[in-house]
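S.K.: Here it is, the structure, as structure tokens.
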Amino acid sequence: MASRPRTKRTAPPPKRRSPKKRASSATAAKARVAKRAVAMAAPGMVEAALAAFAHEVRTPLTGILAISDLLATSDLDERERRWVDTIKAGAEHLASLATLFVDAAKSGHAAFGVRQDLFDLRALARNAGDSLAGRAAAKGLQWRVELSDKLPALVVGDPVRLRAALENLIDNAVKFTETGEVALSVEPMRVAKGKVGIAFAVSDSGIGLALAEIRRLFRPFSQANVSIASRFGGAGLGLSSVKQIARAMGGDIVVAPRRGGGTTFTLTVILTRAKASAAESRDTDGITAGEVRGLRILGVEDNPFGRVVLNTILTELGHSAEFIGRGEAATERIAESAFDAVLMDMVLPGIDGIEAIRRIRSLDSPHGRIAIIGVSGRGDDEAASRAAGADAFLVKPVSPRALATALLEATRRAAAAT
């Protein structure tokens, strides 16, 4: 049987896209590239924005802390002194929270690992009690604070997040109580050797919670019921964060109905008992302003409020100051006049504080060996500041004691180098 002749098949010619379609495809490709570029740049933009936020927030907080420190040296009665201590503790807590925001941006996510800092547990408990008392009094509520005499003083843990968790519980207790009482009790718990277990119980005589409402309470963006959200406000995120903090610190949070009406939230954490050597290394009570003679200081600070605060502290310490707002003007001003030390802010218009320090150090002696103190809202800037030539470093908010200590360190180092 004869085979049938094969016909040669050829591929159809490629379809040509119209110029309009080619342009549309190119535009879409450019859009995808731009979108990827924005996504890659976003983390850096967030970090920069939060760093700027932290810097701006710390400026007024520095003033609040400085003035509260100065008020504490005035002739105050016991009640007024407690008010000053409460203001100071609140400002310190806000400054620490600003640092946490920056840390979260740098890590690229909201998750966190708890810090291991030495802190005074009794002072933290007293400050939380003062916060509860102040909020309750402002709303016309009765209040009660019971702190165990067996609480250790110095411990190691995360005081910033612990204070944040307590402030959340205190805020809720006052917010959800129209009449009656709010209370805080702090007691030690028995835990493993070398550790410190602490139970913070915050109770109120407020609206109370049903069992079904308690089960929903610690979910993110969830509140006990719709009527509570509409009546009292809030996103419902706070208690979820408190539980996360508690578990990260080896504890937990539980809620129970309070006898006679209301609710009790008990937050537990596990801390490390501080060693005596660690406490001694942090003791700076022996440093006083009198150890440094009256100095003439050049302050490089662009914020007018920050200048007023620093000038107030320096005047109280017995020093005189002149301020300029740009880093590039520092070298010229130092060469023109006789200053004993420079307070150099890290965030400035024009060149930053790091570059300004480098330029000062490039001057001929004795101007190039002037004592320099770096000042920043970020502790991470210390290494770069010292590498550029700073003799000492201060983290905002600046206290009178910290400034006196830094001046002592800087002038001693500068004198030893000449």
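The values are calculated or read from the model by the stated rules, or taken from the named source; none is laboratory data. These figures come from a predicted structure and were not determined experimentally. Because the Cβ atoms are built from the backbone with ideal geometry, glycine has one as well, and the counts that use them run over all protein chains shown.
S.K.: Looking at segment 326-343, which of its residues are closer than 17 Å to F393 by Cα and charged (D, E, K, R)?
M.R.: D340
S.K.: Also, I was wondering about something else. Examine segment 87-108 for a residue that is farther than 18 Å from P159 by Cβ, outside any helix (DSSP H, G or I) and modelled with pLDDT of 70 or more, and state whether such a residue exists.
M.R.: Checking segment 87-108: not a single residue is farther than 18 Å from P159 by Cβ, outside any helix (DSSP H, G or I) and modelled with pLDDT of 70 or more.
S.K.: Could you list, in sequence order, all residues of segment 334-355 that are farther than 22 Å from A387 by Cβ, surrounded by fewer than 15 Cβ atoms within 10 Å (Cβ to Cβ) and not acidic (D, E)?
M.R.: A335, S337, A338, P349
S.K.: Scan segment 393-418 residue by residue and report those that are hydrophobic (A, V, I, L, M, F, W, C) and closer than 16 Å to L298 by Cα.
M.R.: F393, L394, L403, A404, A406, L407, L408, A410, A414
S.K.: Now a separate question. If you check L162 against the conditions, is it closer than 13 Å to N127 by Cβ and free of Cβ contacts under 8 Å to residues at least 40 places away in the same chain?
M.R.: no
S.K.: Listed residues A165, A212; which is at pLDDT below 85 and outside any loop (DSSP other than H, G, I, E, B)?
M.R.: A212
S.K.: Can you name the condition, by its number, that A410 falls short on among (1) within 24 Å of G63 (Cβ to Cβ); (2) without any contact (Cβ under 8 Å) to a residue 12 or more places away in the chain?
M.R.: Only one criterion is unmet by A410, namely (2).
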